[in-house]
Amino acid sequence: MVRVLGLALAAAMLPGVAVAGEAGDALVQHLYAGTSAEGLSSAVSACEAGDSEACFAEAMYSLVLAYEGLAEDLYRYGASTPSMPAAAMLLGLGMGGEIVEPANSAPEPLSYDKLRQMLEDFLADLDTTRAAFIRAGESGDFMVRIDPLKVRIDFDGDGEAGADETLGTLLTSAGVFMDNFDGEMSEKTKTKVAELDTSVGFDRADAFWFAGYSQIAGAPLDFLLAHDFSGFYDAYLHRVFPASGLPMQDYSRGGTLMMDPESDAAIADIIAAIHTLSFPVVDAERLSGVRGRLLEITALSRRNWDAILAETDDERELVPSPAQTSIFPGHEVTEDVVSAWMATLDTLDTILEGELLLPHWRFSQGFDLKAFFETATRTDLVIIFTGQGAVPFLADGPVADAQSFAEGNRVFGDAWPNFVLWFN
């Protein structure tokens with residue numbers, strides 16, 4: 001299942017390759033060469049002229065450039081992550097090994113305001129990307145076949161997407177293709193990986209799928225930006241930006257309290273991070289808008305399925321209909337699965353609309369999520385969990401329980417997270 005998810009994420013995160021049409025052919029060439037910026041302007045012009053394939057190409061280029069913009073900012077400020085090859089690659093820190101230092105040995109000083117601007121810029125790029133994918137989905141039929149594992153992304157923000165900066169490299173460094181995740185790949189596994197057809201036939205249904213994922217990425221960013229999280233920034237983010245002048249930068253190693261200087265300081269920072277998870281709301285309109293983003297995720301998922309169920313072809317489908325062939329053997333989509341997913345979307349909408357309340361372990365009343373988004377003045381995760389912070393949002397009414405998701409529980413069972421990742 002992990003390997004299936006790896007391929008699903010591969011197909012999900014990155015752009016596609018065309019089999020027909022001038023815009024599609026150009027998309028293939030630019031994505032495999034890592035030159036998305038060069039292809040964007042011509043795709044925009046062709047999309048405006050009514051070329052649906054070019055509209056999809058525009059959206060894909062925008063997706064790549066949105067991530068590359070974030071990677072460039074992370075590199076500029078020396079983002080770092082210890083001993084995690086996959087995360088290190090995503091943060092522009094190298095392709096594997098014991099990553100403990102940022103790739104940028106002389107990062108620019110970072111401030112809380114600069115971090116907010118970085119997130120604002122990425123969110124704006126995601127919104128542009130989402131609009132482009134919706135436009136592509138609405139523009140007409142197309143099919144662009146690509147192997148996402150071959151698409152080049154400038155992961156380290158150095159202005160050039162190298163031959164090893166592909167999603168295939170990322171998944172390999174994360175252990176997806178390793179035998180028993182021991183860091184080694186046997187000759188048998190290498191042969192199997194080489195023989196895998198990891199291409200995907202992206203079509204208008206997938207444009208809505210990508211648009212939904214753009215909102216999935218954007219909603220938590222918007223939620224964070226609706227708050228003042230400067231206390232958390234001061235207390236903990238030197239762990240992410242270790243040489244950018246954050247307040248606790250010079251104190252990542254202290255004296256020995258329990259274990260050793262490094263471990264004790266790391267534990268202290270985690271405690272400080274939890275203690276500072278109390279964020280005042282600084283933009284109430286923005287916080288309210290997060291609920292709109294979440295509602296759009298479910299709406300886009302329905303549009304995705306409307307398009308999927310209308311398809312008559314069967315060309316390497318990312319998410320297949322019951323009449324199509326899954327590219328993940330043993331993971332077919334049945335009519336029961338589609339019905340359960342639609343029922344789950346309906347339940348989520350009733351929660352977001354405040355018609356179905358969230359359960360809280362401490363109270364018989366439910367937590368009104370709509371009221372929270374529309375009226376909260378502070379988000380204190382610890383106090384909400386322990387109870388006091390939830391009191392203003394308690395309401396009488398039906399409370400979500402296992403029965404609320406009965407159809408999904410029956411069909412998906414313990415595998416529901418896999419379907420969430422696959423279907424969004």
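The values are calculated or read from the model by the stated rules, or taken from the named source; none is laboratory data. Every value quoted in this text rests on a predicted model; they were computed, and no experiment measured them. Cβ placement follows ideal geometry from the backbone for every residue including glycine, while neighbour counts extend to all protein chains displayed.
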Which of the numbered conditions does Ala307 fail, given that it passes all the others? Conditions: (1) of a type in the set (A, V, I, L, M, F, W, C); (2) out of contact with any strand residue (DSSP E or B) (no Cβ under 9 Å at 6 or more places or on another chain); (3) within 16 Å of Asp203 (Cα to Cα). (2)
Out of all the residues in the range 302-340, which are surrounded by 15 or more Cβ atoms within 10 Å (Cβ to Cβ) and small (Gly, Ala, Ser)? Ala307, Ser321, Ser326, Ala340
Residues in the range 113-172 that are among the charged types (D, E, K, R) and at pLDDT 95 or above total 10
Given the criteria of a type in the set (Asp, Glu) and over 24 Å from His227 (Cβ atoms), does Asp368 qualify? no
Just to be sure, is Phe208 part of a strand (DSSP E or B) and modelled with pLDDT of 85 or more? no
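Within the range 256-265, is even one residue more than 26 Å from the chain's Cα centre (by Cα), aliphatic (A, V, I, L, M) and assigned by TED's automatic domain parsing to the domain that holds Thr379?
Checked against the condition, which is being more than 26 Å from the chain's Cα centre (by Cα), aliphatic (A, V, I, L, M) and assigned by TED's automatic domain parsing to the domain that holds Thr379, the range 256-265 yields no hits at all.
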Qualifying positions in the range 135-156 - surrounded by 21 or more Cβ atoms within 10 Å (Cβ to Cβ) and either free of Cβ contacts under 8 Å to residues at least 24 places away in the same chain or more than 12 Å from Tyr32 (Cα to Cα) (or both): Ala136, Gly137, Phe142, Met143, Val144, Phe155, Asp156
Return the pair list, or none, for Cβ contacts closer than 7 Å from residues in the range 380-400 that are free of Cβ contacts under 8 Å to residues at least 60 places away in the same chain to residues that are of a type in the set (D, E, K, R), at least 6 apart or on different chains. Gly387/Arg362; Gly389/Asp380; Phe393/Asp368; Ala395/Asp368
Please count how many residues of the range 283-302 are of a type in the set (Lys, Arg) and under 11 Å from Lys370 (Cβ atoms). 1
Name the residues in the range 368-394 that are basic (Lys, Arg) and surrounded by 15 or more Cβ atoms within 10 Å (Cβ to Cβ), would you? Lys370
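Being over 26 Å from the mean Cα position of the chain (by Cα), modelled with pLDDT of 95 or more and of a type in the set (Val, Ile, Thr) narrows it down to one residue among Ile383, Ile308; which is it?
Ile383
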Reported set for the range 119-159 where residues are within 17 Å of Leu27 (Cα to Cα) and not in a helix (DSSP H, G or I) is Asp141, Phe142, Met143, Val144, Arg145, Ile146, Asp147, Val151, Arg152, Ile153, Asp154
